[in-house]
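These notes concern the structure reproduced below.
The values are calculated or read from the model by the stated rules, or taken from the named source; none is laboratory data. Note that the structure is predicted; figures quoted are calculated from it, not measured. Here the Cβ positions follow ideal geometry from the backbone for every residue, glycine too, while neighbour counts run over all protein chains shown. Quick note on the areas: whole protein, heavy atoms, side chains included, nothing else; ligands and nucleic acids left out. Shrake-Rupley method; radii C 1.70, N 1.55, O 1.52, S 1.80 Å.
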Amino acid sequence: MAQHFFRISQLASKPGRPGLLPVSTATLWRWVAAGTFPQPIKLSAGVTAWNAQEVADWSAAQTVARGVEVSK
């Protein structure tokens, strides 16, 4: 099975360009440093990405933590 990845430009939002998460790149990196968001994977010297399944699992956990039922 092929793994899928997200680059930071796909995850974080910028003015006029929404990302998957309604946060800035700085916030995303703060979450990584704090250990509250999955660690990225260094694919090459200039390419850092997040495993899509880990991001999906993190997102589902955030929803469950807030008491919102997750449908599958």
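Taking K and R as +1 and D and E as -1, what net charge do the other residues with C-beta under 12 Å from the C-beta of Leu28 add up to? Could you put the intermediate results ahead of the total?
Values: positive: Arg7, Lys14, Arg30; negative: none.
Local net charge: +3.
Here the label points at Ala52 and Ile8, each 7 Å from Cα along the C-beta direction, are separated by 2.1 nm in the simple model. For the chain, the solvent-accessible area with a 1.4 angstrom probe is 72 square angstrom per residue. Heavy-atom surface analysis with a 1.4 Å probe gives the chain a carbon and sulfur content of 59 percent of its accessible area.
Relative to the longest principal axis of the Cα atoms of the chain, the long axis of helix 25-34 lies at roughly 70 degrees.
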